[in-house]
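The values are calculated or read from the model by the stated rules, or taken from the named source; none is laboratory data. Quick caveat, the model's predicted, so the values are computed rather than measured. Neighbour counts are summed over all protein chains in view; Cβ atoms, including those assigned to glycine, are modelled from backbone coordinates with ideal geometry.
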Amino acid sequence: ACAFGTAVSSSIINNTGQNVREGGNVTLKCLAEGKPKPTITWTRLSDNHIVTMPIVNIRRHDSKAYRCTAYNGIGMPATKEVSIDVQYSVEATGRGRNVTVAGGVAPMFTCPVDGNPKPNIEWYNEKTGVKVSSGKQLEARESGCYTCVASNSLGTSVNISQCLIVERCQRFNTSLV
């Protein structure tokens, strides 16, 4: 006796995106059903490259969208997209630069760092250790070196130093002749 099953096109039941730490391994899951059982294919959307699971030693450039395609040869393939968020600790992307500003002007400090999740950045006066609030207008007596401390939830931090010279404001007497 022969048994014949009903052909059913593919459908995706569930798929999940993932957060993964850089250097780790990740396996994207895509559950699909159909008769006959569908074949699952993963594609990286940025370059249409077919990806095999698991993705080993994942890197930050792998933070991309991926497509799960389920196809059993009947009807149209079923597709769903999912994203991988590769997280990494804070690292310096440059060096601090010295800045000269006029007194009473808020200096534009830049802390050249990168990280995912986005780093939290705080500035401290190197001499006093006092935290400096962003947007604060500084006076000449506050000239000195400041350190940015950048950290994210992965627990590492980067310290970058910048020196700031705050010039005294010059007052000019003007008279009409």
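Observations on the structure shown:
- Of the residues making up the stretch 35-52, those that are in a loop (DSSP other than H, G, I, E, B) and farther than 22 Å from G73 by Cβ number 3.
- Which numbered condition I84 fails, given (1) farther than 24 Å from P38 by Cα; (2) within 17 Å of the chain's Cα centre (by Cα); (3) surrounded by 14 or more Cβ atoms within 10 Å (Cβ to Cβ): (1)
- Any hit, the stretch 4-11, residues being modelled with pLDDT under 85, outside any strand (DSSP E or B), of a type in the set (A, V, I, L, M) and more than 30 Å from R141 (Cα to Cα): yes
- Cβ separations smaller than 6 Å between residues 6+ apart or across chains give the following pairs from the stretch 153-168 residues that are over 12 Å from T110 (Cα atoms) to residues that are loosely packed, with under 12 Cβ neighbours inside 10 Å: I165/T100.
- Matching residues, the stretch 142-177, being hydroxyl-bearing (S, T, Y), at pLDDT below 85 and not in a strand (DSSP E or B): S143, T156, T174, S175
- Here C68 meets each of (1) buried (at least 17 other Cβ atoms within 10 Å of the Cβ); (2) over 29 Å from R44 (Cα atoms) with one exception, condition (2).
- Restricted to the stretch 26-51, and to residues there that are under 23 Å from S63 (Cβ atoms) and basic (K, R), the residue that is surrounded by the fewest Cβ atoms within 10 Å (Cβ to Cβ) is K29.
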